[in-house]
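For reference, the structure is listed below as structure tokens.
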Amino acid sequence: YERLHRSCRIMRIGLPYTVDQLIEITGEVLRRSKLREDAYIRPLAYMSSELIGVRLHDLESSFTMFAVPFGNYVDVEGGLSVCGSAWRRVDDNAIPARCKITGSYVNAALAKTEAQEAGFDEAIVLTHDGHVSEGSAANLFLVRDGRLITAPATDNILEGIVRSSVMRLAADEGIPVDIRSIDRTELYLADELFLCGTGVQMSAITSVDHRSIGSGQPGPVTQRLSRIYFEAVRGNVERYKGWVTPVYT
């Protein structure tokens, strides 16, 4: 929710709730929805003035939140086949990619539909200068020579919470992490690849553009981090108890 506040500053949306209040609201929404299973929570801050016009200033702001049951968004067990998309990731000087802005999902939707209609599970989107950015709506990591590598925020990625969590897990497990630009052909040479995000959680990539990655199965580093991640987000790892908030007491 701290990131939601930062996004609202960029978009000039007034958000009338503190981080602590948003956490309380989230718990209340889940309790009233009687959800006792994996669920997706969508907080949405938006301009609510009833008028026609294109601007961000002198408008009223509103906030809503809903929750729905949510199973696996993609295959988190067997691995994904992905392709490089013909669509480029939206640039920070067009729509800030580091924020979850509703309008930018059109960019993700074009890439995802292109990939699935071509027979792939997911798309990898490049920046305008040809570097790897991320998946259609998920951050990307590759493993090479025992090091975890991910693109920097300056390559038009979402500054994802799960991405930050994976880097924390890697540091705690003694796995070096490099944040740098990634060339497209590095994907083909990677020992392992995986996507991460609220929807995809942690999902291995086993082929890119019909080229097998590593053994063609989820790799050991991906499996290791994924196992810890899924235990942590369910409150089963003492070290990461601060990541979760009880809904029912």
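The values are calculated or read from the model by the stated rules, or taken from the named source; none is laboratory data. The structure presented is a predicted model; accordingly, all values stated were derived computationally and were not measured. Every residue, glycine as well, gets a Cβ built from its backbone with ideal geometry; the counts of neighbours run over all protein chains shown. Note: areas computed on protein heavy atoms with side chains; ligands, DNA, RNA excluded. Shrake-Rupley method; radii C 1.70, N 1.55, O 1.52, S 1.80 Å.
Considering only region 35-56, state which residues are open to solvent by 80 Å² or more (accessible area, probe 1.4 Å), of a type outside the set (Asp, Glu) and either touching an Asp or Glu at 6+ places or on another chain (Cβ under 9 Å) or part of a strand (DSSP E or B) (or both). TYR46, the sole residue that qualifies. Could you tell me whether THR245 is surrounded by 14 or more Cβ atoms within 10 Å (Cβ to Cβ) and touching a residue at least 60 places away in the same chain (Cβ under 8 Å)? So THR245 fails the test. Just so you know, in region 1-34 the residues that are outside any helix (DSSP H, G or I) and out of contact with any helix residue (DSSP H, G or I) (no Cβ under 9 Å at 6 or more places or on another chain) include one that is surrounded by the fewest Cβ atoms within 10 Å (Cβ to Cβ), and it is LYS34.
Here is a yes/no grid of residues against (1) among the hydroxyl-bearing types (Ser, Thr, Tyr); (2) touching a Leu at 6+ places or on another chain (Cβ under 9 Å):
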residue	(1), (2)
ARG6	no, no
TYR40	yes, no
TYR46	yes, no
MET65	no, yes
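Scanning region 176-203 for residues that are of a type in the set (A, V, I, L, M, F, W, C) and closer than 30 Å to ARG6 by Cα yields VAL177, ILE179, ILE182, LEU193, PHE194, LEU195, CYS196, VAL200, MET202.
The set of residues from region 183-199 being open to solvent by 10 Å² or more (accessible area, probe 1.4 Å) and within 17 Å of PRO220 (Cβ to Cβ) comprises ASP191, GLU192.
Within region 181-216, the residues that satisfy the criterion of being out of contact with any strand residue (DSSP E or B) (no Cβ under 6 Å at 6 or more places or on another chain), more than 19 Å from LEU158 (Cα to Cα) and of a type outside the set (Asp, Glu) are THR185, LEU189, THR206, HIS210, ARG211, SER212, SER215. Answer yes or no as to whether SER81 is modelled with pLDDT of 95 or more, in contact with a helix residue (DSSP H, G or I) (Cβ under 6 Å, 6 or more places away or on another chain) and of a type in the set (Ser, Thr, Tyr). Against the criterion (modelled with pLDDT of 95 or more, in contact with a helix residue (DSSP H, G or I) (Cβ under 6 Å, 6 or more places away or on another chain) and of a type in the set (Ser, Thr, Tyr)), SER81 does not qualify. Note on region 69-124: among residues that are of a type in the set (Ser, Thr, Tyr), open to solvent by 30 Å² or more (accessible area, probe 1.4 Å) and without any contact (Cβ under 8 Å) to a residue 60 or more places away in the chain, the one that is farthest from SER136 (Cα to Cα) is THR102.
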